[in-house]
Structure formats: structure tokens, C-alpha cells
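Data first, discussion second: the structure below is written as C-alpha cells.
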Amino acid sequence: MVVLCLLVIAGIGYAIWFWPAGSGGQAARNRNANQPIPVLVATAEQKDVPIYLDALGTVQAFNTVTIKAMVDGPLNTVNFTEGQNVKKGDVLAQIDPRTYQAALDQAVAKKAQDEAQLANARLDMARYTKLAANNYSSGQQADTAKAQVAQLEAQVKQDQAQIDNARTELSYTTIASPLDGRTGMRQVDAGNIVHASDTTGIVVLTQLQPISVVFTLPQQTLPLVAKAMSEGAAKVLAYAQGATGSQSGLLDTGTLTVLDNQVDPTTGTIKLKGTFPNPGNRLWPGAFVGVQVQVDTAKDAVVVPPAAVQRGPRSAYVYVVNADGSTTRRDVKVGHEDAQQSIIADGIKPGEKVVIDGASRLNDGSKVTIVQPAAAGSSPAVDRPAAPGTRRRQGGASG
């Protein structure tokens with residue numbers, strides 16, 4: 001019986017201690033409910049908006065050439081350094097030319113020999129032809145002399161072909177750059193014997209200016225891309241990976257040059273290629289980059305920041321701030337949307353103010369107060385309710 005009485009007294013005491021705090025908290029909530037809600041706002045603008053499609057691309061060299069030996073022989077010299085920029089016609093390497101020079105000299109000498117025989121045969125043909133005409137010689141001898149001249153003329157032509165071949169072989173001993181580009185890692189050192197059958201080559205040369213970026217888009221975008229290409233050179237922007245749409249992350253601006261001739265049936269995507277001038281070599285072969293390709297321009301479009309658009313079960317909506325400080329929830333129709341702006345096709349007029357931060361605490365008709373954005377490095381606490389389970393003290397320190 002004594003224990004039961006003590007429990008009852010303890011329960012009544014706890015209820016008396018807790019009641020003022022609870023009633024005070026409710027009163028505070030009632031007072032806060034009448035206070036204007038701080039929000040950040042932005043003004044709807046009307047302007048021409050370029051429509052971009054986003055993709056992930058891979059940088060490719062505009063041309064890639066594996067420099068290989070086309071004749072066999074000792075590699076006398078290597079005239080480039082790894083990573084060097086070279087011009088078309090610059091000598092990259094030299095193979096020992098002596099064997100091929102000797103073959104050329106031999107072919108030239110053989111032609112001179114046959115030309116001397118041809119000259120003598122033509123004189124014989126002229127003599128026998130004159131004798132046969134005066135019946136001092138048989139016609140057979142004249143015909144034989146004529147055939148001998150034709151045979152030697154063919155031999156001289158063959159000699160000239162041998163000279164051209166030997167000269168070509170000799171030219172292969174001097175390896176020159178076929179384009180303006182940049183050398184990679186050297187694969188063969190001077191002093192090694194190189195062969196025309198070698199698969200590794202001497203060095204790989206890549207052309208960096210201009211340069212290409214290959215990327216894919218869903219097949220649903222094909223009509224937009226095809227239309228943009230038919231109207232002229234579509235603009236393509238290349239960004240550092242993870243910085244798509246950021247002006248500071250823009251690497252280069254180029255044009256869309258290739259639309260593949262078929263859709264990949266396994267992925268349902270289309271492959272495209274953009275060409276960039278790459279003056280500062282900020283695009284590098286093999287790198288991944290963010291890509292934006294402009295497919296259209298929306299004229300006189302009404303735009304708001306994407307943060308202003310809220311998603312409801314029935315439609316998208318925004319909170320419009322009225323002149324009296326109240327808000328109106330308004331359903332909108334969103335057109336194209338990207339990380340920077342959302343095009344509002346219907347529901348907003350230019351110049352209206354929309355809430356971009358603090359919308360989660362609003363209802364239709366809520367009173368708001370507009371605050372200015374915080375300094376760089378921080379953000380205003382306009383949409384941060386207290387953590388659940390926390391409780392304010394009422395009337396000083398608790399006992």
C-alpha cells in the first residue's frame with residue numbers, strides 16, 4: 001500500500017513539472033506560425049535560350065599514325081624526342097641507305113648499257129631497211145633489225161622501272177612525319193635492326209590540332225540532331241569531367257561534324273563526333289569529357305532557376321511571391337530543363353518572383369520575407385527545420 005501511494009505521488013509530480021513546458025512550447029509554435037517565413041527568390045526572365053543535349057564523350061586524336069620502317073636495315077639515327085611537336089616533312093629517323101643507294105646506281109648503269117645497245121640497233125635497222133629497199137639485202141634481215149630495236153626499247157623501259165623502284169626504296173630509308181602532330185614514346189632505339197615486317201613501329205604520332213570528341217546520345221534525340229546539322233554547323237562544347245555547364249570547366253568549343261549512319265541496336269544510341277580547334281591542347285586523346293551539343297534555340301522563353309520548380313503528384317508547380325508578401329502556389333508546364341535554368345512553357349510571366357529556397361515550409365497564401373543570399377562559402381538557413389527530438393528550454397535552466 002505504501003509503495004502504491006509513492007507511485008501515485010511521483011506520477012502527479014512529474015505531470016505538474018512537464019505541463020508548463022508543454023503548454024509553453026505550443027504557445028511558441030503558435031507565435032512562430034504567424035511569423036513570415038524567410039525565403040530566397042529569383043525573378044523570371046524572358047530571353048533566347050540555347051537548347052543543349054548533355055553527353056559523356058571520349059577525346060580522340062584527329063589522326064593517329066604508327067611510324068614504321070618500310071625497308072630493312074640498321075636504324076642509324078632517331079631525330080626526335082619523346083613528346084615533341086613535329087611538322088609535316090620533319091625527318092624522324094634514318095635507316096642505313098648504302099645498300100639501297102647501290103641498288104639505285106646499279107639500275108641506272110643497266111639502263112645506260114641498254115640505251116647504248118638500243119642506239120646501235122637503230123643504226124642497224126636503218127641500214128638494213130635501206131639495203132632491203134634496193135634489193136641488196138633480204139627483207140628478213142630488215143625485219144630482224146626492227147624487232148631488235150623494239151626489244152631493246154622495252155628493255156630500257158624496264159630499266160627505268162627498276163630505277164624508279166630503287167629510288168623509292170632509297171627514299172624509305174629517310175622516315176619523315178606525314179602530318180603535324182606530337183610524338184609519343186619511342187619504341188626502337190638507334191642502332192637496332194628494323195624490318196618492314198615489324199608490328200610495333202618506331203613511334204606513334206598523333207594530331208592534336210584539330211582534335212575530335214566522340215560521344216553518344218539516345219536514339220530519341222536523332223530528329224533534333226539531324227535538324228540541327230541540316231541547318232548548319234551545330235555547336236559542341238567540351239567540359240572537364242564533372243563540370244558540364246560550368247564556364248570555368250569549359251575546355252573548348254567546336255562543331256558537330258559526324259552523325260553515324262546507323263543506330264546501335266544493342267544500346268539504342270547514336271554515335272556522334274565533334275571537331276575542336278584545341279589551341280591550348282586542353283583536350284587530350286583518351287580523356288573523358290562532358291559534352292553539350294546545341295540542337296535548337298528557344299526564342300523569348302520564360303526561364304527560372306531549376307530550384308524554383310517543385311514536383312507534385314499531379315504536376316510541377318512554383319511558389320510565386322505577391323506584392324503583399326504572400327505566396328501563391330501555381331501549376332506550371334516545364335519545357336526544356338538543364339542544370340542552369342528551366343524553361344516555363346506555361347504558368348509564369350516575365351518579371352514575377354518565384355521562391356528558390358524555403359519552399360518546403362510554404363503553403364498557398366503563406367506570408368514570407370525575402371532574404372538576401374549568404375556570402376560565398378555559406379548558405380542561408382531558410383529551409384532547415386530543427387532536428388527531430390530536440391526541445392527548447394522553457395523559463396531558464398531545467399531542474
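What follows is calculated from the coordinates using simple rules that are stated; it is not laboratory data. Computed from a prediction, not measured in an experiment: that's the story for all the values here. A quick note on method: Cβ atoms are made from the backbone with ideal geometry, for glycine too, and the neighbour counts reach across all protein chains shown.
Here is how the numbers come out for the structure above:
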{"quantity": "Size of charge dipole - the stretch 317-356 - debye, nearest 20, with Cβ of Lys, Arg +1 and Asp, Glu -1, no other charges", "calculated": "100 debye"}
{"quantity": "Amide H contacts under 5 Å for residue 241, placed H, 5+ residues apart", "calculated": "290"}
{"quantity": "Pairwise centroid distance, computed over Cα atoms, of the stretch 89-121 with the stretch 195-212, Å", "calculated": "30 Å"}
{"quantity": "Whole-Hz couplings from phi, Karplus 6.51/-1.76/1.60, listed for the stretch 318-330; x for Gly and Pro", "calculated": "9, 9, 9, 8, 7, 5, 8, x, 9, 10, 10, 7, 10"}
{"quantity": "The stretch 152-166 - phi-based ³J(HN,Hα) in whole Hz, Karplus 6.51/-1.76/1.60, Gly and Pro as x", "calculated": "6, 4, 5, 5, 5, 5, 5, 4, 5, 5, 5, 5, 4, 5, 5"}
{"quantity": "Cα lying deepest toward the dipole's positive end in the stretch 97-172, options 163, 125, 109, charges on Cβ", "calculated": "125"}
{"quantity": "Amide H contacts under 5 Å for residue 68, placed H, 5+ residues apart", "calculated": "202"}
{"quantity": "Residue-by-residue Karplus 3J(HN,Hα) for the stretch 293-299, coefficients 6.51, -1.76, 1.60, Hz, glycine and proline x", "calculated": "10, 7, 10, 6, 9, 7, 7"}
{"quantity": "Length-normalised contact order of the stretch 97-172 in % [C-alpha pairs under 8 Å, at least 6 apart]", "calculated": "51 percent"}
{"quantity": "Label-point gap, in nm, between residue 281 and residue 326 - each point 7 angstrom along Cα→Cβ", "calculated": "6.6 nm"}
{"quantity": "Long-range HN-HN contacts of residue 176 with modeled amide H, under 5 Å", "calculated": "92"}
